[in-house]
Structures are given as structure tokens and as C-alpha cells.
Amino acid sequence: MKRYQDIAGDGGSNIVAQVAEQAGRVKSRMAAVRRIIAVMSGKGGVGKSSVTVNLAAALALEGAAVGILDADINGPSIAKMAGVRGRPLLQGDNGVVPPAAALGIKVMSMDLFLPDDQTPVLWQAPGQKDAYTWRGMMEAAALREFLADTEWGALDFLFIDLPPGSDKLPNLADLLPRLDGVVAVSIPSGVSRLVVARSITVAVELLNAPLIGLVENMAAYVCAHCGREEEMFPPARQENTAEELKAPLLGKIPFDPRIARAGDEGRLFLNDHAHTPAGRAIRQIAGKVKAFL
Amino acid sequence: MKFLCVECDAPMKLQETRGPDEGSMAVIFGCPRCGKGVAMLTNPMETQMVRSLGVKIGGAGTAAEPMGMVKSSLAYRREEAAAASPPEISASIAGEEKSVNSIEGRDSSGCPFSGAVSEAFAKQESGLSWTSEARARLERIPAFVRPMVQKSIEAHAREKGLSEIDGAVMDEMKDRVGM
């Protein structure tokens with residue numbers, strides 16, 4: 001009896017060739033991007049998106065052409081943080097033109113496709129029951145289109161802000177022709193370290209991805225009045241997170257409520273506060289990222 | 001996915017597709033040698049998984065629409081997002097003149113299922129098929145007004161009891177609204 005491999009071709013549907021063509025489109029688009037950097041954590045709530053926007057801003061302030069892809073399909077926040085929420089997406093000659101935030105940072109996010117604040121990402125289907133079986137495929141296809149069909153143009157750096165979950169980086173790596181660096185973000189808590197450690201293991205040992213290092217976010221609280229730093233987490237948790245995670249420490253960003261406020265208002269924190277402790281920390285980290293690459 | 005007639009040891013060929021009906025499709029194959037048939041019945045999850053691939057039947061001959069999957073598959077989206085096209089455009093086949101369930105003239109030697117799913121959804125969502133000429137003319141309309149124009153044309157076709165939109169229907173609409 002004939003085996004699957006004995007029957008040639010897939011006929012008029014041409015599915016296999018189209019999937020290959022999809023990968024080719026991503027590769028072609030990414031050829032104009034010098035460095036692709038994934039920002040991950042595995043843990044939610046550690047400030048990945050905030051770190052992503054601020055690192056992008058720091059490099060853009062130095063004159064680099066920078067883009068941010070919001071890979072959090074279900075919980076997109078980059079458009080709001082970067083101040084491009086509600087901007088129209090225009091069809092260009094060679095794809096969809098991403099809106100540009102301050103400093104010319106190009107942004108693509110699912111948020112730009114959603115009609116209002118309340119609408120979640122829902123995919124058309126005969127029914128939403130048992131959607132868990134195919135939802136991940138839809139999200140991966142959306143991410144692929146964001147990569148391939150956005151007119152990124154020539155970029156020095158494309159930051160990809162990953163959602164929580166240690167499976168997200170492998171999914172992204174499957175779609176990309178190359179990944180030039182991974183930045184892990186954590187906070188100095190035992191819970192965060194536990195989750196981030198697993199994500200780093202996946203990045204380094206499973207994917208052999210180039211880990212740039214760890215950013216410790218919300219490392220301390222800086223008093224707005226006297227400038228004194230106070231610990232955000234119990235001293236027992238202030239161990240050397242980077243050493244424990246076997247990742248180079250890129251820097252510690254102190255908590256500054258102005259970072260959150262800037263994100264809420266769609267302004268770039270570094271544009272106004274580059275010389276604050278948090279601003280200096282972000283710029284130093286961005287310098288290390290650049291040096292790594 | 002490929003189907004083999006065990007008795008004849010011959011690849012089976014697609015004969016007909018039915019549905020989707022409540023998310024399920026019937027895909028009927030026949031053996032070109034002995035004529036025996038078999039029907040593959042999909043559950044809604046299987047139907048949707050194939051759709052999730054974001055491919056188009058016969059898509060190799062046409063450039064994919066940017067963000068086509070996102071725009072066509074989001075249940076709720078900004079109408080103006082990237083001059084978004086409605087589902088029937090991105091899910092259907094450029095140049096396809098046959099009705100959705102017809103397999104005549106299609107290469108039926110390979111896996112027909114994936115294509116049948118997308119086509120059938122395209123048919124189901126608009127309830128109308130477009131000839132290649134009409135489709136090409138529609139594609140020449142500026143993207144930001146295309147969805148509105150398409151809806152108008154389909155409404156006109158339904159009013160007239162038509163199941164297919166061809167060049168004549170487009171001409172009628174052109175005369176009617178001056179597009």
C-alpha cells in the first residue's frame with residue numbers, strides 16, 4: 001500500500017508552498033532590520049512592556065531607527081504606552097504602515113486593530129467553544145503577519161515585547177529567521193525569579209538564543225522629594241537575582257511613578273526624565289544592549 | 001492530508017464538499033479507478049484549525065493581502081484598520097470562477113480539504129460568489145472604501161436574487177451609483 005510520501009504534491013490547495021511563502025515574507029521583511037531583540041519574562045506584571053518602550057526610546061534618543069512589535073496579542077499595551085493608540089493603520093505600497101510614536105519609534109500592535117477599550121481579541125469561528133484547540137494558531141498567524149506585513153522599513157533595532165509565558169519565546173523563534181538577542185525582565189521577588197528562571201532556561205538551553213542579560217525592574221523606590229532609595233521588596237528577597245538566574249545583570253531600574261504615568265499618558269518617560277535615577281538606569285541598560293549587539 | 005483507496009492502492013480525488021454546517025464540513029472523495037467514495041466529516045475544531053493556517057487556496061499565484069488573516073478573522077475590529085477588507089475577500093480565491101463547492105477544473109490530486117474550508121467559509125459569510133473579473137474590479141477600488149462598496153454590490157445582487165457577482169452586476173452598480 002502506498003505511503004503518504006509516495007503520493008506526490010498537495011494539488012490545488014498548495015498549502016505547503018504557501019506556508020513556505022509566509023516564512024519567506026517574514027525573512028524578506030526582517031532583512032532590513034539590523035537587530036531583532038525579544039523582551040521576555042515569563043512572569044506577568046514585572047514591567048516588560050514599560051522596559052521595552054523605554055529601551056526603545058533610549059536607543060532612539062541616540063539616533064537609532066527603532067520599532068516595537070507588541071507580541072502580546074491578547075493584552076496589548078505598547079500602543080497606549082507609546083502614544084499611538086487610535087492612530088489609523090494605513091495601507092502602504094508594501095504593507096501596512098505602522099504609526100510612529102515620539103522619536104520616530106514605529107509601533108505595531110493588535111490594539112491598533114481593535115475598535116474600542118472593551119473589545120477583546122475574538123476570532124471568527126463557528127463557535128467559541130473549544131477554541132483552545134485553535135486559538136494559539138490564530139495568535140501565531142497574527143504575529144507572523146505583524147512581522148511580515150508591517151512596513152518597518154530599515155530599522156537598527158526591532159524590539160519584540162513578548163507576553164507572559166515561557167512558551168512565547170519558542171513560538172516567536174519559530175517565526176523569525178533569526179533572533180539577535182533576548183532581554184529578560186524580572187523584579188526582585190522570589191515568585192518572579194522562579195518564573196523568569198524557567199523562561200531563561202528555555203531561551204538558553206532549548207533555543208540556544210543569545211541572552212543579552214537580565215533587567216531587574218522596580219528594584220527600589222526613589223523618593224520624589226528627597227531622592228533617597230527605599231527597598232521595594234523585603235530584604236530577604238534582595239538577593240543577587242541575576243546570579244541566581246545565571247544571567248548577566250544589565251541593570252536595576254528603580255520604581256518611579258512617573259514611568260507609569262508616562263505610559264498612561266502615552267508619553268515617553270525618557271523624553272522628560274532622562275536624567276532621573278530611573279532614566280539613567282534605563283540609558284545604561286540600553287547602552288549594554290547596544291554593546292552586546 | 002491525502003486519501004488512498006486501499007483496494008486499488010490509488011490516491012483518491014476530491015469530488016464534492018458540503019458545508020460548513022454548524023462548523024462541520026463534508027468532504028467527499030472518490031477513487032478514480034473503482035469509483036468508490038468516502039466522506040470525511042470534520043468537527044468545528046478541525047474546520048477552524050485548518051482555517052487558522054492563514055493560507056489561501058491557490059494562493060501561490062496571487063500576492064497575499066497584508067494582514068489578511070488578522071483583518072479577515074478578527075470578530076470585532078476597527079473598520080478603518082489598514083483599510084480592512086471583509087472576510088470574504090481575504091478568504092477567497094483570486095481568479096476562482098467556480099462555485100465554492102464545485103471541484104470541476106481544480107487540481108484534485110492533492111489535499112483539497114484546506115482549500116475547501118476557506119472557500120466554504122467565504123461562501124458562507126457573504127452567501128455570494130464572485131467571478132474573477134468582478135473580483136479584480138473590486139480589488140481596483142480604493143481599499144478604504146472597498147468594504148462599503150462590496151456590501152453595496154452584494155446587497156444589490158441579493159435584491160436581484162443572484163448567487164454570483166459578475167461583470168454585468170458590477171456594470172449595473174456602476175450605472176446606479178456612478179462608481
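The values are calculated or read from the model by the stated rules, or taken from the named source; none is laboratory data. Because the structure is predicted, anything quoted here is derived from the model rather than measured. Cβ sites come from the backbone with ideal geometry, for glycine too, and all protein chains shown count toward neighbours. Side chains included, ligands, DNA and RNA excluded: accessible areas come from the protein's heavy atoms. Shrake-Rupley method; radii C 1.70, N 1.55, O 1.52, S 1.80 Å.
In this structure, is A:N271 without any contact (Cβ under 8 Å) to a residue 40 or more places away in the chain and of a type outside the set (G, A, S)?
Details: without any contact (Cβ under 8 Å) to a residue 40 or more places away in the chain: no; of a type outside the set (G, A, S): yes.
For A:N271, the condition - without any contact (Cβ under 8 Å) to a residue 40 or more places away in the chain and of a type outside the set (G, A, S) - is not met.
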Quick one: in region A:10-39, which of the residues that are open to solvent by 50 Å² or more (accessible area, probe 1.4 Å) and small (G, A, S) is modelled with the lowest pLDDT? A:A20
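For (1) open to solvent by less than 40 Å² (accessible area, probe 1.4 Å); (2) at the interface with chain A (Cβ under 10 Å from one of its Cβ atoms); (3) under 22 Å from A:V16 (Cα atoms); (4) in a strand (DSSP E or B), each residue gets a yes or a no:
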site: B:L14; (1), (2), (3), (4): yes, yes, yes, yes
site: B:T17; (1), (2), (3), (4): yes, no, yes, yes
site: B:V27; (1), (2), (3), (4): yes, no, yes, yes
site: B:G35; (1), (2), (3), (4): no, no, no, no
site: B:E46; (1), (2), (3), (4): no, yes, yes, no
site: B:V50; (1), (2), (3), (4): yes, yes, yes, no
site: B:L53; (1), (2), (3), (4): no, yes, yes, no
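Inspect region A:124-140 for any residue being more than 10 Å from chain B (Cβ to nearest Cβ) and surrounded by fewer than 21 Cβ atoms within 10 Å (Cβ to Cβ) and give the result as yes or no.
Restricting attention to region A:124-140, the residues satisfying the condition of being more than 10 Å from chain B (Cβ to nearest Cβ) are none.
No - not one qualifying residue is present in region A:124-140.
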May I ask you to list the residues in region A:106-142 that are under 24 Å from B:P44 (Cβ atoms) and either assigned to a strand (DSSP E or B) or in contact (Cβ under 8 Å) with a residue 60 or more places away in the chain (or both)? A:W123, A:E139, A:A142
How many residues are open to solvent by less than 20 Å² (accessible area, probe 1.4 Å), part of a loop (DSSP other than H, G, I, E, B) and within 14 Å of chain B (Cβ to nearest Cβ) when one looks only at region A:41-95? 4
A:L103: in a loop (DSSP other than H, G, I, E, B) and more than 14 Å from every other protein chain (Cβ to nearest Cβ), yes or no? no
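Determine which member of the set A:D167, A:D174 is open to solvent by 70 Å² or more (accessible area, probe 1.4 Å), modelled with pLDDT of 80 or more and over 23 Å from A:S50 (Cβ atoms). Steps first, please.
Details: A:D167 fails: over 23 Å from A:S50 (Cβ atoms).
Only one candidate passes the filter, namely A:D174.
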Taking region A:177-192 and keeping only residues that are over 17 Å from A:V289 (Cβ atoms), in contact with a helix residue (DSSP H, G or I) (Cβ under 7 Å, 6 or more places away or on another chain) and surrounded by fewer than 21 Cβ atoms within 10 Å (Cβ to Cβ), one is left with A:P177, A:S189, A:G190
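Tell me the residue from A:K106, A:K43 that is modelled with pLDDT of 90 or more and under 20 Å from the mean Cα position of the chain (by Cα), please. Break it down stepwise before answering.
Details: A:K43 fails: modelled with pLDDT of 90 or more.
Being modelled with pLDDT of 90 or more and under 20 Å from the mean Cα position of the chain (by Cα) holds for just one of A:K106, A:K43, which is A:K106.
Got a sec? Which helices (runs of 4 or more DSSP H) wholly within region A:191-293 have at least 1 residues that are more than 26 Å from A:A60 (Cβ to Cβ)?
Details: elements: A:241-244, A:257-265, A:269-273, A:277-292.
Because the criterion is at least 1 residues that are more than 26 Å from A:A60 (Cβ to Cβ), the helices (runs of 4 or more DSSP H) in region A:191-293 that meet it are A:241-244.
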